[in-house]
1. Per 5 Å bin from zero, what fraction in whole % of the C-alpha pairs of the range 2-264 is there, up to the bin with the longest pair?
2. Can you tell which of 136, 38, 58 lies farthest toward the positive end of the dipole of the range 2-264, using +1 and -1 charges on the Cβ of basic and acidic side chains (Lys, Arg; Asp, Glu)?
3. Dipole of the range 2-264 (Lys/Arg Cβ +1, Asp/Glu Cβ -1, origin at the Cα centre): which of 260, 102, 146 lies farthest to the positive side?
4. What's the local net charge at residue 80, with K and R +1, D and E -1, over the other residues with C-beta under 14 Å away?
5. I'd like the distance between the alpha-carbon centres of the range 98-128 and the range 163-242, rounded to an integer number of Å.
6. Could you work out the local net charge near residue 47, counting Lys and Arg as +1, Asp and Glu as -1, over the other residues with Cβ closer than 14 Å to its Cβ?
7. Using the Karplus equation 6.51 cos²θ - 1.76 cosθ + 1.60 (θ = phi - 60°), what ³J(HN,Hα) coupling, rounded to whole Hz, does each residue of the range 41-46 give in order, writing x for Gly and Pro?
8. Taking amide H positions as placed in the peptide plane 1.01 Å from N, state which residues far from residue 149 in sequence (5 or more) or on other chains have amide H under 5 Å from it.
Amino acid sequence: MIPVERGHLQAIADSHAGMQGKNNEDQHAITAYQLSATDSTPSMFAIVADGIGGHRAGEVASDIAVEMISQAVAQSDASQPTAILQAAFIQASQAIIAQSGNDPEKQGMGTTCVCAWIIGKRLYVASVGNSRLYLVRGSQMFQMTVDHTWVQEAVEAGVLTDEQARVHPHANIIHRYLGSPQPVEVDLRIRSEKNPTFSEGNQGMRLQPRDRLVLCSDGLSDMVSDEDIFQIAKYNQLDDVVPDLIEQANLNGGKDNITVIALEVPDGRKWIRLPRLDLSDRKVRAALSYVGLGLMVTVILAALVMYGWRVLFSEPTPTPTSTVTPIVVVETPAP
């Protein structure tokens, strides 16, 4: 793929360490492409990784994940998106394991990861861990990814309710992550509006105008309810969505690093970008000079025409005549 300066979706992202004085071990990236020199189909890739492990090792793991997965996507031909994402996740996990084994201070490091790859209007997703992807469409919001946590498995088994899971002491026990000693199982299941179950068959779902995608680390989803995330992501201007979500997480305690990416599908109206003129080009300068000279001549001619019109067709101004006001003397008869 070929990198481009501006993507076909509007995007904003930010990250905050939270309110507990922790080192920020989150990483994120957004990149835009067109498929090839002969295929102008636009492509945008967004990724969030939340590192785990002490001695700043989590920061290293999340950086490896974002760098390697983004690079694998950039170097691909985008012909098989889910296969490309799955292979990239596995390679990143192996690289994290290798670096962890070479440095005692990095032993046990790992990272969660969620990514969204939009090719044209089609969405492809991959995830490991409990970083999430939400879709805001119309009056609804869908959590498109599954948390790979102990409490999520308990909810699916009917042992816990969603509310119990949110406040459970084991809420942050993750069963899948990149860098795990066990072979990583990349989750390619996503949820769609037409098919609300999590399924790999939903990959490549078509996005609609004004759809919004929100990728986040659990520093947001643990601190802000889905209802509040929806209200902010739905009704705020896109530029305000990310800072407002981060602010809300911090107001609620900010117990972890908070990273948020928000993407919006344009509503179909097209903006035309005019080419910039190179004023250092002699031909351009000459053309601008001719244009300026032409405008000057036009203004002068218009002024002369207006003056001539007034001279020929305006009525002469009559010359005022002096008038003498008679003085009337009234004689008063003598007594």
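1. Histogram of Cα-Cα distances, whole percents per bin: 1, 6, 13, 18, 20, 18, 13, 6, 2, 1, 0.
2. Value: 38.
3. The listed residue farthest towards the positive side: 146.
4. The answer is -1.
5. A separation of 15 Å, based on Cα centres.
6. Taking every Cβ under 14 Å from that of residue 47, the sum is -3.
7. 4, x, 9, 9, 10, 10
8. 175
Only the coordinates and a few stated rules stand behind these numbers; no lab work does. Fair warning: this is a prediction, and the values are worked out from it, not measured in the lab. Note that each Cβ is placed from the backbone with ideal geometry, even for glycine, and that neighbours are counted across all protein chains shown.
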